[in-house]
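Engineer: Quick one: structure below, then a few questions.
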Amino acid sequence: MISFIFIKSTMSSSMNDDAVSHGGMLKNMLRQGFTILQLLFETGDNSLAAFMQEAKKKRDAKASASASSASASAASMNDPMPPAAKMCMWICTMHNILCFSDNAGIKKELGAAFRFHERSLPSLQHGRFGIGAKFAMVCLTLLKSIVHVFTRPNEGDPIKQLTIDYPRAIETDRLTINPHGIEMDRVPTWDKYAIDPAGKGTVIHLPSDRSIVQEIVSMITTDKVENNLLFAFGTTYHKFLSDNTTYQINVDDKTYDVVPIDRLCWDKVDEKMEVTLNVCYHPENHSIIRAYYQDPVSNKFGFRIKKGKHNFMIGDLPDDFVSLGEITVQLAYSSDWIALLEDKLKHCGIYIPTGKPSASLRRALGGTEIMRNGKVVKVLPIKRPMSGDTPAYSFHENTKVRIMFDAVKSDQILEDDSKTMDDVFNTQVNKSELNVDTICKSVWEAVHQLRYDYGERIYRSSDVYAAAMAKAAAAADVPVENSDSEEEPIVPAKAAASSTSVVNPKSAAKPAVMPAVKPAVMPAAKPAVMPAVKPVKPAPMPAAMPAAKAASSSNSVMIPKPVVAASPVAAESSSASSSQEQVTSVTQIPAHIRSTSKCPREVIKLFADICTTYGPHLNAIYERADHNTRPKLADDFNALLRTADLLKEFSNSE
């Protein structure tokens, strides 16, 4: 019986075949943005899901039998294990043929299995939208060839065949699917590519384009990790490949085995942590989604509204909220991931440079993985920290994260409009195109904070941090105290003779000035936690240089007032005066310091005036600023505090 892809015989007579242009739809599928790698993933997802579901059923059956009687348990241990799940990709470079085979078999009716947009409810399998494998066949053939599908669902069943003629579909604007028994002239194709010709399995014979075949072969043989197909398959399917499942790629007469590659090296790494998020939503307002968990820093239970110490809302799971399931967040740290993965990388033919690894290799090995139903669907690169202690950067960059979730709960009763974890992560038709900007904020901010806190804990327990703090304490001659800030650590720096504590969670950069001037970088502290600082009187200066006080109730700074006398560098100051007069904001100060190779008296006077104006109010300005502006404001205040030292240099030079 011939079945139309979009029109079923049971449809209302008001529908007609002209409602959809099949040829136009097929051509549009070529422009959906799938990469070749993503298309290759789609060819194997259904097979892997079938393997895992079958294995789960067998494990559940054995567990049930073992619970019923001890004798049954003993007998089951002696039962022969089922054959290993196996998948193969065959590539013939002479005829540009791609073949995909497995030993699972298609249990569903063959015509329905390859009907376009045959959607299903979310499940523990990869398929949901009924279009992924069809995208692969359309894009890998470029609609220029005929695809043949062969399958034997179970042992002893006859072999079934399905022919999809894309060139004819474009010509007639009508795509039909007609499953039937295998044709005699197609039996050699089954015998050549089936994993077990006498057993169950599936073969998809797909004549492709020469350019596509050559690109796939180059991905298999490249020594660049970012393009290596063996590495991509090994990391994407590492959970399945670790569970008695094998994947083999045959290029002409050469065979490549895909091995499981766990980026987090969970079974080998020593430093690791796991946190469980309980996700639920409001029964009436489904847009209110929360991820409850026990915060490792405070040991309090609650949910997060955004990143930051004061944005964690303590409380138990609401009784009236509806549970969507759990998300497991795994965090791991190693100072040398390449050493842990070296054997796997060499197996993939990836070049490992001696000494410091390349940036592309570090990016590919790092990042945050998002795993849906056991498959890694997205890998996010590590963002280099832009603030905080510079020695801590490497610790944060070497922290890896894996976010694992099942699309549905195992006991969840689903309907067409049921909310699932796919809604939390906004899963799309192309699951590899997951967008972090559309993930539930409560979930993503929790993961973001967990990662930062974990990297910070590793850093603060390291010898690097201990040495940095000891050196800073010795230079400043002050006792060292750990900070509980969850945003940016505090590292005191060398203090100037005429300066006070700096309102900043980080150390300020040194300005580019003439060699005689040596501005000091000040210790940092947040104004919210910084104790009141007593006014510090600058070093004695000549009588002709009286001092002016810039006082504040919370933090007072003594700023020497410059003498408006003729300067030896007055000629140079005239060229800079026009740009100096444009300085109207405290946030412009560091730029002027860095761009001023010399320090004319007018510049010094300008700094002193700004310090007098803004200094007493900087704490309040800092508190009102957002996270991105605070480091800049703190740099400004460091610049203001260096004014006294600059004035002293000029006074001594006279």
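Engineer: Counting Lys and Arg as +1 and Asp and Glu as -1, what is the net charge of the other residues whose Cβ lies under 15 Å from the Cβ of His95?
Structural biologist: Around His95, the surrounding residues sum to 0.
Engineer: Glu109 to Lys471: FRET efficiency via 1/(1 + (r/R0)^6), r the Cβ-Cβ distance, R0 51 Å, to the nearest 0.05?
Structural biologist: The calculated FRET efficiency here is 0.10.
Engineer: Also, quick follow-up: Using the basic label-point model (7 angstrom from Cα toward the beta carbon), what is the Asp336 to Leu380 distance in nanometres?
Structural biologist: Output for this residue pair reads 3.0 nm.
Engineer: Further question: Determine the relative contact order of the range 258-316: mean sequence separation of Cα pairs under 8 Å and six or more apart, normalised by residue count, in whole percent.
Structural biologist: Numbers: 60 pairs, mean separation 10.9, N = 59.
So the answer I get is 18 percent.
Engineer: Turning to a different aspect of this structure: What net charge do the residues around Arg210 carry, taking every other residue with its C-beta under 15 Å from that of Arg210, with Lys and Arg at +1 and Asp and Glu at -1? Please list the in-between numbers first.
Structural biologist: On the way: positive: Lys144; negative: Asp209, Glu215, Asp252.
Residues near Arg210 contribute -2 overall.
Engineer: Assuming R0 = 25 Å, what is the FRET efficiency of Glu284 and Asp316, from their Cβ-Cβ distance, to the nearest 0.05? Don't skip to the end; give the middle numbers.
Structural biologist: Numbers: r = 20 Å, r/R0 = 0.78.
That gives a FRET efficiency of 0.80.
Engineer: If you don't mind, there's one more thing I want to ask. Could you work out how much longer the chain between Asp463 and Thr438 gets when fully extended? Use 0.36 nm per residue separation minus the Cα distance between them, nm to one decimal.
Structural biologist: 5.1 nm
Engineer: How big is the Rg/Rh ratio for the range 231-298, C-alpha atoms only, Rh by Kirkwood, two decimals? Show your work: numbers first, answer last.
Structural biologist: Details: Rg = 19.6 Å, Rh = 15.9 Å.
With Rg and the Kirkwood Rh in hand, the quotient comes to 1.23.
Engineer: Pop a pseudo-label 7 angstrom from the Cα along the beta-carbon direction at both Asp185 and Asp157 and give the gap in nm to one decimal.
Structural biologist: Result for the modelled spin labels: 2.7 nm.
Engineer: Something else about it: For labels at Glu226 and Lys306 in the simple 7 Å Cα→Cβ model, what's the distance in nm?
Structural biologist: 3.2
Engineer: If you add up the charges near Ile289, with Lys and Arg at +1 and Asp and Glu at -1, over every other residue whose beta carbon is less than 9 angstrom from its beta carbon, what do you get?
Structural biologist: My count for the surroundings of Ile289 gives +2.
Engineer: Give me the percent of accessible area attributable to carbon and sulfur for the range 211-361, probe 1.4 angstrom.
Structural biologist: Reported share for carbon and sulfur atoms: 46 percent.
Engineer: Could you give the length gained on full extension between Asp423 and Tyr393, defined as 0.36 nm per residue of separation minus the Cα-Cα distance, in nm?
Structural biologist: 7.4 nm
The values are calculated or read from the model by the stated rules, or taken from the named source; none is laboratory data. No experiment lies behind these values; they were computed from the predicted model shown. Cβ: placed from backbone, ideal geometry, glycine included. Neighbour counts: every protein chain shown. Note: areas computed on protein heavy atoms with side chains; ligands, DNA, RNA excluded. Shrake-Rupley method; radii C 1.70, N 1.55, O 1.52, S 1.80 Å.
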